[in-house]
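Novice: Dropping a structure here in C-alpha coordinates format, bear with me for questions.
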Amino acid sequence: MANFYTFFIIQLEAKPIKIKILFTIPNFDTAGSGKALLNIATGLDREKFEPHIACLHNRGEFFKVVEESNIPIHIFNFMSPMKPRLKGLRGCFRIAKKLREIAPQIIHSFNYSSDYSEALSAKIARIPWIYTKKNMSWSGSSANAWRCRTFLATHIIAQNKDMINQFFIKKKNVTLVQRGINTNEFKKDDNSKIIRKELGISKTKKILLTVANLAPVKGIEVLIHAFQKFIISNQQSYLIIVGDDKSEYASYLKKVVKKHNLNGKVIFTGKRYDINSFYNAADIFVLPTLLIGEGCPVSLLEAMSTNTPVIASNVSGSRDILENFQDWLFEPGNTKDLLKKIKTLFILNNDKMSTLGLVMRNHIKKNYDIKYEVIKTENIYEDIFHG
(Lines give C-alpha, C1' and ligand atoms only; values in the text may rest on other atoms or scores of the structure.)
Protein backbone atom coordinates (compact mmCIF):
# COMPACT_ATOMS: atom_id res chain seq x y z
CA MET A 1 0.00 0.00 0.00
CA ALA A 2 2.85 2.37 0.89
CA ASN A 3 4.41 1.75 -2.52
CA PHE A 4 1.10 2.62 -4.19
CA TYR A 5 0.84 5.96 -2.37
CA THR A 6 4.49 6.72 -3.12
CA PHE A 7 3.90 6.03 -6.81
CA PHE A 8 0.72 8.15 -6.75
CA ILE A 9 2.53 11.12 -5.16
CA ILE A 10 5.42 10.85 -7.60
CA GLN A 11 2.98 10.90 -10.51
CA LEU A 12 1.28 14.01 -9.14
CA GLU A 13 4.60 15.76 -8.68
CA ALA A 14 5.73 14.80 -12.17
CA LYS A 15 2.63 16.25 -13.84
CA PRO A 16 3.26 19.95 -14.59
CA ILE A 17 0.65 22.50 -13.55
CA LYS A 18 -0.81 24.34 -16.52
CA ILE A 19 -1.05 28.10 -16.16
CA LYS A 20 -4.52 29.28 -17.14
CA ILE A 21 -4.34 32.55 -19.08
CA LEU A 22 -7.50 34.58 -19.66
CA PHE A 23 -7.11 36.89 -22.66
CA THR A 24 -9.55 39.79 -22.69
CA ILE A 25 -10.59 41.91 -25.67
CA PRO A 26 -13.77 43.98 -26.17
CA ASN A 27 -14.58 42.44 -29.55
CA PHE A 28 -13.24 40.84 -32.70
CA ASP A 29 -14.71 43.46 -35.03
CA THR A 30 -11.24 44.84 -35.72
CA ALA A 31 -9.40 41.80 -37.00
CA GLY A 32 -5.94 43.32 -36.42
CA SER A 33 -6.25 43.43 -32.65
CA GLY A 34 -8.11 40.13 -32.54
CA LYS A 35 -5.51 38.42 -34.67
CA ALA A 36 -2.73 39.70 -32.40
CA LEU A 37 -4.47 38.07 -29.44
CA LEU A 38 -5.20 34.84 -31.30
CA ASN A 39 -1.60 34.54 -32.53
CA ILE A 40 -0.40 34.49 -28.93
CA ALA A 41 -3.19 32.29 -27.59
CA THR A 42 -2.81 29.60 -30.26
CA GLY A 43 0.97 29.75 -30.14
CA LEU A 44 1.27 28.99 -26.42
CA ASP A 45 2.86 25.72 -25.34
CA ARG A 46 -0.23 23.68 -24.39
CA GLU A 47 1.85 21.52 -22.08
CA LYS A 48 2.42 24.60 -19.91
CA PHE A 49 -0.50 26.91 -20.61
CA GLU A 50 -4.29 26.75 -20.88
CA PRO A 51 -5.61 29.76 -22.85
CA HIS A 52 -9.12 31.15 -22.45
CA ILE A 53 -10.67 34.22 -24.10
CA ALA A 54 -13.19 36.75 -22.78
CA CYS A 55 -14.99 39.29 -24.96
CA LEU A 56 -18.13 41.39 -24.81
CA HIS A 57 -20.03 39.77 -27.69
CA ASN A 58 -19.78 37.21 -30.48
CA ARG A 59 -20.27 39.53 -33.44
CA GLY A 60 -17.74 40.15 -36.20
CA GLU A 61 -16.40 38.01 -39.04
CA PHE A 62 -13.18 37.22 -37.21
CA PHE A 63 -15.09 35.77 -34.26
CA LYS A 64 -15.77 32.70 -36.42
CA VAL A 65 -12.01 32.20 -36.79
CA VAL A 66 -11.61 32.47 -33.02
CA GLU A 67 -14.28 29.80 -32.49
CA GLU A 68 -12.44 27.48 -34.86
CA SER A 69 -9.38 27.63 -32.58
CA ASN A 70 -11.35 25.62 -29.96
CA ILE A 71 -10.10 27.92 -27.21
CA PRO A 72 -12.80 28.33 -24.51
CA ILE A 73 -14.60 31.66 -24.95
CA HIS A 74 -16.43 33.55 -22.19
CA ILE A 75 -18.94 36.21 -23.28
CA PHE A 76 -19.55 38.77 -20.54
CA ASN A 77 -19.02 42.45 -19.76
CA PHE A 78 -15.66 42.75 -18.00
CA MET A 79 -15.69 46.56 -17.97
CA SER A 80 -17.57 48.99 -15.77
CA PRO A 81 -18.02 52.77 -16.32
CA MET A 82 -16.18 54.39 -13.41
CA LYS A 83 -18.44 57.42 -13.10
CA PRO A 84 -20.19 57.71 -10.74
CA ARG A 85 -17.45 56.10 -8.66
CA LEU A 86 -19.64 54.10 -6.29
CA LYS A 87 -21.62 52.57 -9.14
CA GLY A 88 -18.38 51.81 -10.96
CA LEU A 89 -16.93 50.10 -7.90
CA ARG A 90 -20.03 47.92 -7.55
CA GLY A 91 -19.58 46.93 -11.18
CA CYS A 92 -15.99 45.93 -10.48
CA PHE A 93 -17.06 43.63 -7.65
CA ARG A 94 -19.56 42.01 -10.03
CA ILE A 95 -16.81 41.49 -12.62
CA ALA A 96 -14.42 40.18 -9.97
CA LYS A 97 -16.95 37.49 -9.03
CA LYS A 98 -17.10 36.31 -12.64
CA LEU A 99 -13.30 36.32 -12.92
CA ARG A 100 -13.04 34.14 -9.81
CA GLU A 101 -15.49 31.67 -11.40
CA ILE A 102 -13.28 31.37 -14.49
CA ALA A 103 -10.27 31.18 -12.14
CA PRO A 104 -7.34 32.10 -14.37
CA GLN A 105 -3.86 32.38 -12.88
CA ILE A 106 -3.16 35.42 -15.07
CA ILE A 107 -5.31 37.86 -17.05
CA HIS A 108 -3.76 39.38 -20.18
CA SER A 109 -5.71 42.35 -21.48
CA PHE A 110 -5.80 43.20 -25.18
CA ASN A 111 -8.28 45.96 -24.45
CA TYR A 112 -6.39 48.81 -26.07
CA SER A 113 -8.46 51.59 -24.47
CA SER A 114 -7.58 53.45 -21.27
CA ASP A 115 -10.28 51.59 -19.27
CA TYR A 116 -8.98 50.62 -15.82
CA SER A 117 -12.10 48.95 -14.39
CA GLU A 118 -10.92 45.57 -15.67
CA ALA A 119 -7.60 46.00 -13.87
CA LEU A 120 -9.38 47.03 -10.66
CA SER A 121 -11.72 44.02 -10.92
CA ALA A 122 -8.72 41.70 -11.29
CA LYS A 123 -7.12 43.33 -8.25
CA ILE A 124 -10.30 42.73 -6.22
CA ALA A 125 -10.31 39.10 -7.43
CA ARG A 126 -6.59 38.83 -6.52
CA ILE A 127 -5.61 37.71 -10.01
CA PRO A 128 -2.41 39.08 -11.60
CA TRP A 129 -3.33 41.38 -14.48
CA ILE A 130 -1.12 42.50 -17.37
CA TYR A 131 -1.85 44.62 -20.40
CA THR A 132 -0.32 45.22 -23.80
CA LYS A 133 0.13 48.91 -24.68
CA LYS A 134 -0.64 49.04 -28.38
CA ASN A 135 -0.82 52.74 -29.21
CA MET A 136 0.95 55.99 -28.36
CA SER A 137 -2.09 57.74 -26.86
CA TRP A 138 -1.60 59.04 -23.31
CA SER A 139 -2.94 62.55 -23.08
CA GLY A 140 -5.95 64.74 -22.43
CA SER A 141 -8.88 63.23 -20.56
CA SER A 142 -7.47 59.68 -20.80
CA ALA A 143 -4.13 60.43 -19.11
CA ASN A 144 -5.32 59.73 -15.56
CA ALA A 145 -7.06 56.54 -16.66
CA TRP A 146 -3.80 55.32 -18.25
CA ARG A 147 -1.98 56.09 -14.98
CA CYS A 148 -4.56 54.09 -13.00
CA ARG A 149 -4.36 51.22 -15.47
CA THR A 150 -0.58 51.18 -15.20
CA PHE A 151 -0.58 51.46 -11.39
CA LEU A 152 -2.92 48.47 -11.09
CA ALA A 153 -1.03 46.30 -13.60
CA THR A 154 1.16 43.45 -12.43
CA HIS A 155 3.11 43.78 -15.66
CA ILE A 156 3.03 45.87 -18.85
CA ILE A 157 4.04 44.83 -22.34
CA ALA A 158 5.28 47.72 -24.48
CA GLN A 159 5.39 47.33 -28.25
CA ASN A 160 8.10 49.84 -29.10
CA LYS A 161 11.07 51.59 -27.54
CA ASP A 162 9.48 55.05 -27.52
CA MET A 163 6.65 53.75 -25.33
CA ILE A 164 9.10 52.79 -22.62
CA ASN A 165 10.94 56.11 -22.84
CA GLN A 166 7.77 58.23 -22.87
CA PHE A 167 5.40 56.38 -20.55
CA PHE A 168 7.27 53.81 -18.46
CA ILE A 169 10.80 55.12 -18.02
CA LYS A 170 10.80 54.58 -14.24
CA LYS A 171 8.75 51.39 -14.24
CA LYS A 172 10.51 48.08 -13.60
CA ASN A 173 7.56 45.86 -14.49
CA VAL A 174 7.68 46.67 -18.21
CA THR A 175 8.96 44.43 -21.01
CA LEU A 176 9.49 45.30 -24.67
CA VAL A 177 7.70 42.66 -26.76
CA GLN A 178 7.31 43.72 -30.37
CA ARG A 179 4.55 42.27 -32.51
CA GLY A 180 5.13 39.11 -34.47
CA ILE A 181 3.55 37.65 -37.58
CA ASN A 182 3.33 34.23 -39.16
CA THR A 183 6.00 34.51 -41.85
CA ASN A 184 4.81 31.23 -43.35
CA GLU A 185 1.40 32.80 -43.94
CA PHE A 186 2.70 36.12 -45.24
CA LYS A 187 5.10 35.31 -48.06
CA LYS A 188 5.54 35.81 -51.77
CA ASP A 189 3.11 33.77 -53.88
CA ASP A 190 1.14 33.91 -57.13
CA ASN A 191 -2.00 35.52 -55.69
CA SER A 192 -1.15 38.88 -57.24
CA LYS A 193 -2.95 37.74 -60.39
CA ILE A 194 -6.22 37.32 -58.48
CA ILE A 195 -6.28 40.90 -57.15
CA ARG A 196 -5.08 42.50 -60.39
CA LYS A 197 -7.77 40.64 -62.33
CA GLU A 198 -10.45 41.65 -59.79
CA LEU A 199 -9.44 45.32 -59.98
CA GLY A 200 -8.74 45.35 -63.70
CA ILE A 201 -5.07 46.29 -63.30
CA SER A 202 -2.64 44.59 -65.67
CA LYS A 203 0.74 43.30 -64.48
CA THR A 204 2.55 46.06 -66.39
CA LYS A 205 0.96 48.78 -64.25
CA LYS A 206 2.33 49.91 -60.89
CA ILE A 207 0.45 49.54 -57.60
CA LEU A 208 1.03 51.52 -54.42
CA LEU A 209 -0.72 49.95 -51.45
CA THR A 210 -1.64 50.88 -47.92
CA VAL A 211 -3.49 48.68 -45.43
CA ALA A 212 -4.81 50.41 -42.33
CA ASN A 213 -7.61 50.99 -39.89
CA LEU A 214 -8.85 54.17 -41.56
CA ALA A 215 -8.47 56.68 -38.74
CA PRO A 216 -6.99 60.21 -38.92
CA VAL A 217 -3.74 59.16 -37.20
CA LYS A 218 -2.92 57.00 -40.25
CA GLY A 219 -2.32 60.10 -42.43
CA ILE A 220 -3.73 58.52 -45.58
CA GLU A 221 -4.42 61.97 -47.07
CA VAL A 222 -0.64 62.55 -47.10
CA LEU A 223 -0.26 59.47 -49.30
CA ILE A 224 -3.12 60.59 -51.58
CA HIS A 225 -1.50 64.02 -52.06
CA ALA A 226 1.86 62.41 -52.84
CA PHE A 227 0.20 60.01 -55.28
CA GLN A 228 -1.56 62.94 -56.99
CA LYS A 229 1.84 64.47 -57.76
CA PHE A 230 3.45 61.12 -58.62
CA ILE A 231 0.81 60.18 -61.18
CA ILE A 232 1.49 63.29 -63.27
CA SER A 233 4.54 61.56 -64.74
CA ASN A 234 3.43 57.99 -63.93
CA GLN A 235 -0.02 57.66 -65.46
CA GLN A 236 0.04 53.86 -65.40
CA SER A 237 -0.06 53.73 -61.57
CA TYR A 238 -2.75 52.97 -59.01
CA LEU A 239 -3.17 53.53 -55.28
CA ILE A 240 -5.09 50.84 -53.39
CA ILE A 241 -6.40 51.61 -49.90
CA VAL A 242 -7.46 48.54 -47.92
CA GLY A 243 -9.49 49.09 -44.74
CA ASP A 244 -13.03 49.69 -43.51
CA ASP A 245 -14.22 52.65 -45.61
CA LYS A 246 -17.46 53.37 -43.75
CA SER A 247 -16.01 55.84 -41.22
CA GLU A 248 -16.23 59.62 -41.23
CA TYR A 249 -12.49 59.79 -41.97
CA ALA A 250 -12.88 57.43 -44.93
CA SER A 251 -15.63 59.70 -46.31
CA TYR A 252 -13.22 62.64 -46.01
CA LEU A 253 -10.54 60.71 -47.91
CA LYS A 254 -12.99 59.93 -50.73
CA LYS A 255 -13.76 63.64 -51.02
CA VAL A 256 -10.03 64.36 -51.32
CA VAL A 257 -9.77 61.76 -54.09
CA LYS A 258 -12.75 63.27 -55.94
CA LYS A 259 -11.40 66.80 -55.53
CA HIS A 260 -8.14 65.84 -57.24
CA ASN A 261 -9.89 63.86 -60.01
CA LEU A 262 -8.30 60.59 -58.90
CA ASN A 263 -11.42 58.43 -59.08
CA GLY A 264 -10.48 55.20 -60.82
CA LYS A 265 -6.84 55.67 -59.90
CA VAL A 266 -7.35 55.50 -56.13
CA ILE A 267 -9.30 52.38 -55.14
CA PHE A 268 -10.96 51.85 -51.75
CA THR A 269 -11.53 48.13 -51.23
CA GLY A 270 -13.22 48.26 -47.83
CA LYS A 271 -12.37 45.68 -45.17
CA ARG A 272 -10.73 42.58 -46.64
CA TYR A 273 -9.42 39.33 -45.18
CA ASP A 274 -7.33 38.23 -48.19
CA ILE A 275 -4.66 40.76 -47.28
CA ASN A 276 -1.73 38.58 -48.37
CA SER A 277 -3.00 38.74 -51.96
CA PHE A 278 -2.90 42.55 -51.88
CA TYR A 279 0.66 42.62 -50.55
CA ASN A 280 1.69 40.30 -53.36
CA ALA A 281 -0.04 42.43 -55.97
CA ALA A 282 1.65 45.64 -54.78
CA ASP A 283 4.93 47.07 -56.03
CA ILE A 284 5.36 49.33 -52.99
CA PHE A 285 3.66 49.44 -49.59
CA VAL A 286 3.33 52.81 -47.81
CA LEU A 287 2.39 53.51 -44.18
CA PRO A 288 2.07 57.32 -43.79
CA THR A 289 1.23 57.53 -40.06
CA LEU A 290 1.19 61.03 -38.55
CA LEU A 291 3.47 62.22 -35.76
CA ILE A 292 1.59 60.61 -32.85
CA GLY A 293 2.99 57.29 -34.07
CA GLU A 294 2.16 53.59 -33.98
CA GLY A 295 2.54 50.75 -31.49
CA CYS A 296 4.09 48.10 -33.71
CA PRO A 297 2.27 48.32 -37.06
CA VAL A 298 1.48 44.79 -38.18
CA SER A 299 0.70 45.80 -41.78
CA LEU A 300 4.29 46.97 -42.16
CA LEU A 301 5.54 43.60 -40.90
CA GLU A 302 3.19 41.69 -43.19
CA ALA A 303 4.14 43.68 -46.28
CA MET A 304 7.86 43.22 -45.65
CA SER A 305 7.32 39.52 -45.06
CA THR A 306 5.87 39.19 -48.58
CA ASN A 307 9.05 40.68 -50.14
CA THR A 308 7.25 43.97 -50.82
CA PRO A 309 9.49 47.05 -50.44
CA VAL A 310 8.02 49.50 -47.92
CA ILE A 311 8.08 53.19 -47.11
CA ALA A 312 6.89 54.51 -43.74
CA SER A 313 6.85 57.77 -41.83
CA ASN A 314 9.57 58.21 -39.23
CA VAL A 315 7.35 57.72 -36.17
CA SER A 316 7.24 55.50 -33.10
CA GLY A 317 6.79 51.84 -33.97
CA SER A 318 7.60 52.18 -37.66
CA ARG A 319 11.12 53.44 -37.00
CA ASP A 320 11.82 50.41 -34.78
CA ILE A 321 10.90 48.06 -37.62
CA LEU A 322 12.84 50.05 -40.23
CA GLU A 323 15.85 50.67 -38.00
CA ASN A 324 18.04 48.94 -40.61
CA PHE A 325 16.25 50.60 -43.55
CA GLN A 326 16.30 54.29 -42.65
CA ASP A 327 16.52 55.36 -46.29
CA TRP A 328 12.87 54.35 -46.55
CA LEU A 329 11.62 56.50 -43.67
CA PHE A 330 10.13 59.90 -44.47
CA GLU A 331 9.21 62.91 -42.35
CA PRO A 332 5.66 62.42 -41.04
CA GLY A 333 3.12 64.62 -42.81
CA ASN A 334 5.67 65.73 -45.44
CA THR A 335 4.15 65.06 -48.87
CA LYS A 336 7.31 66.15 -50.74
CA ASP A 337 9.53 63.82 -48.73
CA LEU A 338 7.15 60.89 -49.29
CA LEU A 339 6.97 61.65 -53.02
CA LYS A 340 10.78 61.66 -53.19
CA LYS A 341 10.94 58.22 -51.53
CA ILE A 342 8.30 56.79 -53.89
CA LYS A 343 10.15 58.07 -56.95
CA THR A 344 13.47 56.77 -55.64
CA LEU A 345 12.05 53.27 -55.19
CA PHE A 346 10.42 53.18 -58.62
CA ILE A 347 13.69 54.21 -60.28
CA LEU A 348 15.25 50.94 -59.08
CA ASN A 349 15.30 48.17 -61.66
CA ASN A 350 13.44 44.92 -61.07
CA ASP A 351 16.50 43.08 -59.75
CA LYS A 352 17.28 45.77 -57.17
CA MET A 353 13.62 45.95 -56.12
CA SER A 354 13.53 42.16 -55.71
CA THR A 355 16.76 42.19 -53.70
CA LEU A 356 15.45 44.92 -51.39
CA GLY A 357 12.22 43.00 -50.88
CA LEU A 358 14.11 39.82 -50.04
CA VAL A 359 16.38 41.61 -47.54
CA MET A 360 13.31 43.09 -45.85
CA ARG A 361 11.65 39.68 -45.62
CA ASN A 362 14.77 38.14 -44.09
CA HIS A 363 14.82 40.93 -41.51
CA ILE A 364 11.23 40.14 -40.51
CA LYS A 365 11.89 36.39 -40.34
CA LYS A 366 14.92 36.96 -38.11
CA ASN A 367 13.35 39.48 -35.75
CA TYR A 368 9.56 39.54 -36.00
CA ASP A 369 8.35 35.98 -36.56
CA ILE A 370 5.43 35.18 -34.25
CA LYS A 371 7.46 32.53 -32.41
CA TYR A 372 9.63 35.25 -30.83
CA GLU A 373 6.62 37.17 -29.54
CA VAL A 374 5.13 33.98 -28.10
CA ILE A 375 8.36 32.94 -26.34
CA LYS A 376 8.84 36.37 -24.75
CA THR A 377 5.21 36.44 -23.61
CA GLU A 378 5.43 32.92 -22.17
CA ASN A 379 8.49 33.99 -20.18
CA ILE A 380 6.51 36.87 -18.65
CA TYR A 381 3.67 34.53 -17.67
CA GLU A 382 6.06 32.05 -16.03
CA ASP A 383 7.91 34.80 -14.14
CA ILE A 384 4.60 36.10 -12.75
CA PHE A 385 3.28 32.64 -11.90
CA HIS A 386 6.45 31.41 -10.21
CA GLY A 387 7.46 34.76 -8.76
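Novice: State the dimensionless ratio Rg/Rh of segment 157-253 (Rg: radius of gyration of Cα atoms; Rh: Kirkwood radius). It would help to have the intermediate numbers written out before the result.
Specialist: Details: Rg = 18.6 Å, Rh = 17.0 Å.
My calculation puts Rg/Rh at 1.10.
Novice: For the chain, which whole percent of the accessible surface, found with a 1.4 angstrom probe, sits on carbon and sulfur atoms? Display every interim value, and only then the final one.
Specialist: Details: 9890 of 18930 Å².
In the chain, the share of accessible area belonging to carbon and sulfur is 52 percent.
Novice: Taking segment 63-155 on its own, what percent of its Cα-Cα pair distances exceed 22 Å? If you can, show how the numbers build up before the last one.
Specialist: Details: 1273 of 4278 pairs.
Percentage above 22 Å: 30.
Novice: I need the fraction of alpha carbon pairs in segment 16-62 separated by more than 17 Å, rounded to a whole percent.
Specialist: Details: 372 of 1081 pairs.
Every Cα pair in segment 16-62 considered, those over 17 Å come to 34 percent.
Novice: List the trypsin sites (Lys or Arg not before Pro) within segment 100-178 that fall in a DSSP loop (any state other than H, G, I, E or B) and whose Cβ has at most 12 other Cβ atoms within 10 Å.
Specialist: Answer by residue number: ARG126, LYS170, LYS172.
Novice: Let me check something: with ligands and nucleic acids excluded, how do LEU209, LEU356 order by accessible area (1.4 Å probe), largest to smallest? Walk me through the intermediate numbers first.
Specialist: Values: LEU209 0, LEU356 25 Å².
I get LEU356, LEU209, largest accessible area first.
Novice: Let me ask something else about it. If the cut-off is 17 Å between C-alpha atoms, which aspartates and glutamates fall inside it for LYS255, apart from same-chain ones fewer than 8 positions away?
Specialist: Straight-distance partners of LYS255: GLU221, ASP244, ASP245.
Novice: How long are the semi-axes of the equivalent ellipsoid of segment 108-219, taking √(5λ) for every eigenvalue λ of the Cα gyration tensor, in whole Å from largest down?
Specialist: Working: eigenvalues 303, 52, 38 Å².
Here the semi-axes work out to 39, 16, 14 Å.
Novice: Additional query: With the radius of gyration and the Kirkwood radius both derived from the Cα set of segment 202-337, what is their ratio Rg to Rh?
Specialist: Values: Rg = 13.7 Å, Rh = 14.9 Å.
With Rg and the Kirkwood Rh in hand, the quotient comes to 0.93.
Novice: Return one number: the angle in degrees, 0 to 90 and rounded to the nearest 10, between the long axis of the Cα atoms of helix 370-386 and the longest principal axis of the Cα atoms of the chain.
Specialist: With both axes taken from Cα atoms, the answer is about 20 degrees.
Novice: Here's another thing I want to ask about it. Report the extension gain between ILE73 and ASN27 in nm, rounded to one decimal, defined as 0.36 nm multiplied by the number of residues separating them, less their alpha carbon distance.
Specialist: Working: separation 46, 0.36 × 46 = 16.56 nm, distance 1.17 nm.
15.4 nm is the gain from fully extending ILE73 to ASN27.
Novice: Treating only the Cβ of Lys, Arg, Asp and Glu as charged (+1, +1, -1, -1), what charge dipole size does the chain show about its Cα centre? Round to the nearest 20 debye.
Specialist: On the way: 56 positive and 35 negative charges, 200 e Å.
The calculated dipole for the chain is roughly 960 debye.
Novice: Using every alpha carbon pair in segment 268-364, what percent of pairs falls into each 10 Å bin from 0 up to the bin containing the largest distance?
Specialist: P(r) for segment 268-364, in whole percents per bin: 16, 50, 32, 2.
Novice: Hey, another quick one. Mind jotting down the three principal axis lengths of segment 286-332 based on Cα atoms? Whole angstrom, largest first.
Specialist: Reported extents, whole Å, longest axis first: 27, 20, 16.
Novice: Taking 0.36 nm per residue of sequence separation and subtracting the Cα-Cα distance, how much length would be gained by fully extending the chain between LYS343 and ALA143, in nm to one decimal?
Specialist: On the way: separation 200, 0.36 × 200 = 72.00 nm, distance 4.05 nm.
Extra length from LYS343 to ALA143 when fully extended: 67.9 nm.
Novice: Can you tell me which lysines have their Cα less than 23 Å from the Cα of LYS376? Leave out same-chain residues fewer than eight positions away.
Specialist: Here the lysines satisfying the reach criterion relative to LYS376 are LYS18, LYS20, LYS35, LYS48, LYS133, LYS134, LYS161, LYS170, LYS171, LYS172, LYS365, LYS366.
Novice: Checking the cross-link filter: which lysines have an alpha carbon closer than 23 Å to that of LYS193, excluding same-chain neighbours under 8 positions apart?
Specialist: LYS193 reaches LYS203, LYS205, LYS206, LYS265, LYS271, LYS352.
Novice: Further question: Give or take rounding to whole Å, what are the principal axis extents of the alpha carbon atoms in segment 63-103, in descending order?
Specialist: 40, 20, 8
Novice: With no solvent and one equal point scatterer placed on each C-alpha of segment 214-286, evaluate the Debye formula and give log10 I(q)/I(0) for q = 0.16, 0.17, 0.28 Å⁻¹, two decimals.
Specialist: -0.56, -0.63, -1.51
Novice: So what are the radius of gyration and Dmax for the Cα set of the chain, in Å?
Specialist: 23.0, 90
Novice: If you take the Cα Rg of segment 5-159 and divide it by 2.2 N^0.38 Å, with N the number of residues, what do you get? It would help to have the intermediate numbers written out before the result.
Specialist: Working: Rg = 16.8 Å, N = 155, 2.2 N^0.38 = 15.0 Å.
Scaled against compact globular proteins, the figure is 1.13.
Novice: While we're here: What would the Debye equation give as log₁₀ I(q)/I(0) for segment 256-307 at q = 0.13, 0.20 Å⁻¹, counting only Cα atoms as equal point scatterers?
Specialist: After summing over all Cα pairs, the log10 values are -0.43, -0.93.
Novice: If you don't mind, another one. At q = 0.17, 0.18, 0.31 Å⁻¹, what log₁₀ I(q)/I(0) does a Debye calculation on the Cα points of segment 154-200 give, no solvent, two decimals?
Specialist: Those come out to -0.62, -0.64, -1.06, one per q.
Novice: Something else: Please compute the length gained on full extension between ASP383 and SER247, using 0.36 nm multiplied by the number of residues separating them and subtracting their Cα-Cα distance. Before the final figure, lay out each step's value.
Specialist: Values: separation 136, 0.36 × 136 = 48.96 nm, distance 4.18 nm.
Residue separation times 0.36 nm, minus the Cα-Cα distance, leaves 44.8 nm.
The values are calculated or read from the model by the stated rules, or taken from the named source; none is laboratory data. Note that the structure is a prediction, hence the values are computed from the model and not measured. All Cβ positions, glycine included, derive from the backbone under ideal geometry; neighbour counts span all protein chains shown. For the accessible areas, the whole protein counts, side chains as well, though only heavy atoms, and no ligand, DNA or RNA atoms are used. Shrake-Rupley method; radii C 1.70, N 1.55, O 1.52, S 1.80 Å.
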